[in-house]
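Written below as structure tokens is the structure these notes are about.
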Amino acid sequence: MKHTLTEDCLHTIAWKSYTTTRVNYINYIKLPPPPVMWAQRREILFVTICLEDCKDPVINIEPQMIYFKGIGGTEQKMHEVTINLYGEIVSDRTIQNLRGRTLELVLFKKEEGPYWPRLTKEKTKAHWLKSDFNKWKDEDDSDDEGGMEGSGNDLEEMMRQMGGLGGTGDSKPNFDDLDALGDEGEGMDSDDDDLPDLLE
């Protein structure tokens with residue numbers, strides 16, 4: 001006895017196949033990453049996510065990862081990026097500043113020490129990641145600032161130029177973390193490493 005598929009069954013099978021294919025296709029498509037710039041000091045990372053007119057971004061900071069998702073840019077499209085960090089940071093000390101064109105992050109390294117050779121855990125070069133030479137300072141230059149205390153003053157001035165700090169949207173800067181850098185760094189030498197590798 002032969003069994004034939006009814007027209008309704010054929011429509012159901014076709015619809016399920018279409019739905020599965022569409023879901024797989026959507027999951028396959030990756031959202032474009034926004035441009036990201038970075039710079040560092042021996043104890044701090046500066047990470048700037050460049051996305052104009054970004055509203056209500058989703059930001060997740062973990063000890064070895066930065067996740068960002070938001071709508072912005074000239075076409076107001078969704079962008080997304082996950083940055084697996086080369087080393088660990090103290091995630092709960094992160095300073096955020098959302099401006100008109102950028103999201104600026106100040107991240108404190110878990111361990112102060114030599115410059116990281118790159119921002120990401122992966123060695124492959126990411127086309128969306130560049131060095132921020134406006135904020136970059138060579139490791140040996142810290143000697144000219146009088147050690148860590150001078151570095152903290154330099155960072156504080158940079159924070160003022162950022163126009164307000166904090167993830168709560170308060171425009172009043174909070175320099176408690178930066179002031180602590182001078183106290184924690186007393187007696188530490190910072191000129192015993194070579195020039196950092198500027199590969200992104």
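Bear in mind that the values in this text are calculations on the coordinates, not laboratory data. The model shown is predicted, which means the values in this text are computed figures rather than measured ones. Note: ideal-geometry Cβ built from the backbone for every residue, glycine included; neighbour counts use all protein chains shown.
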> Roughly how compact is segment 36-112, stated as its Cα Rg over 2.2 N^0.38 Å to two decimals?
Replying inline: 1.08
> Asn84 versus Gln64, label points 7 Å from Cα toward the beta carbon: distance in nm?
Replying inline: 0.9 nm
>> Could you tell me the relative contact order of segment 36-112? Use alpha-carbon pairs under 8 Å, at least six residues apart, and round to a whole percent.
In response: 34 percent
